[in-house]
Amino acid sequence: MKLRIVFAVTMSLLLGACSVARLPESINAAIVNNPDLDTVEAGLPTYLLTLDGMVENYPRNVGLLQTSSTLYGSYATLFVEEPVRRKAMVEKSYQRASAAYCIVKKSDCDLKSLRFDAFDIHVSAIKKPAEIKALYMLGSSWVSVIQENSDDWNAIADLAKVQFIMEHVAAYDATYDNGQALLYLGVLNTLIPPSLGGKPEVARAYFEQAVAVSDGKNLLISVFFARHYARLVFDQELHDHLLQTVIDADPEVPGLWLQNVYAQKLAHQLLADSVDYF
């Protein structure tokens, strides 16, 4: 009972402070610009519960759905170690992004069920900024689902669709979301090992382009470059150089501060493990 009262009060305060339309943007900005990982880890579940309640009341609010998708995906990636729980959160992130996409793009919105030829035509026709955003958010949450189900060939079979989405977004704007569409393309091209037809050099090109378009300010790109590419091809010199560059960088970048602090934490861990790995 006490929890329900606290939750109701929290909802009331949030709704009194700003409109439903502005709330998702305000929550997201407060989180991504907070460099204290411990504070965010402790406080983010309250936001997630608040957003769950608001999505229940406003199920067709695209901003709420997209913010909820982003924060569930971020929380799962940054803080959840237990595989079953992380997989459930990633799936919820995908479902929210999918619901938002179906509101923005009313026809043929279930992209997972489309045959690839129809999928190609549908995605290629997307040009409007709101549709690009919805498509990108759907694609980014889909990447996480695939990663969490990498032992499931049904999930791996979706790689081509997700890659096509990110290629379309990157062609629309290579700098989109601080180069993250290119980052996803780099990661996707490392999920299949060279022995099974993977193309790690294609991944490297995407990672290098992502670093360039973000002007090196999105530190997570270099960390993933090291973890997904340098480790795959056993290039310790590149691996250690990338990680040291991240550690030496200034993480305070508007919209990237929290992510950059996390990237530096991960860089320290990977660098400490470098000798044993290689």
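Read-outs: derived from the displayed coordinates by stated rules, not from any lab. Quantities reported herein were computed from a predicted structural model and do not represent experimental measurements. With ideal geometry, Cβ positions are generated from the backbone for all residues, glycine too; neighbour counts draw on all protein chains shown.
Here is the size of the chain from its Cα atoms: Rg then Dmax, 19.0, 57 Å. Put simply, the range 170-217 fits an ellipsoid with semi-axes of 22, 10, 7 Å; these come from the alpha carbon gyration tensor as the roots of five times its eigenvalues, largest first. Relative contact order for the range 96-251: 15 percent, from Cα pairs under 8 Å spaced at least 6 residues apart, divided by residue count.
Add -39500 (n - 2.57) for each DSSP H run of 4 or more in the chain, then divide by its residues: what number comes out at 222 nm, to the nearest 500 deg cm²/dmol? The partial results should precede the final answer.
Working: 15 runs with 200 residues, N = 278.
Helix contribution divided over all residues of the chain: -23000 deg cm²/dmol.
For the chain, modelled as a GNM with alpha-carbon contacts under 10 angstrom, which of Val169, Val84, Val40 fluctuates the most? Comparing Val169, Val84, Val40 in the GNM, the peak value goes to Val84. For the pair Ser195 and Arg115 in one chain, pulling the backbone fully straight at 0.36 nm per residue adds 26.1 nm over the alpha carbon distance.
Which GluC sites (Glu not before Pro) in the range 51-128 sit in a loop by DSSP (not H, G, I, E or B) and have at most 15 other Cβ atoms within 10 Å of their own Cβ?
Within the range 51-128, the qualifying GluC sites (Glu not before Pro) (loop, at most 15 other Cβ atoms within 10 Å) are Glu81.
Measuring between alpha carbons in the structure, the pairs from Lys87/Lys265; Lys92/Lys217; Lys87/Lys127; Lys106/Lys161 lying more than 25 angstrom apart are Lys92/Lys217; Lys87/Lys127. Normalising by residue count, the range 143-247 has a Cα convex hull of 93 Å³ per residue.
Percent of Cα-Cα pairs more than 21 Å apart in the range 214-278, please. Considering the range 214-278, 17 percent of its Cα-Cα pairs are separated by more than 21 Å. Under the combined filter of DSSP loop state and at most 11 neighbouring Cβ atoms within 10 Å, the range 178-256 retains these chymotrypsin sites (Phe, Trp or Tyr not before Pro): Phe234.
On the principal axes of its alpha carbon atoms, the range 95-150 extends 30, 23, 15 Å, with the longest extent given first.
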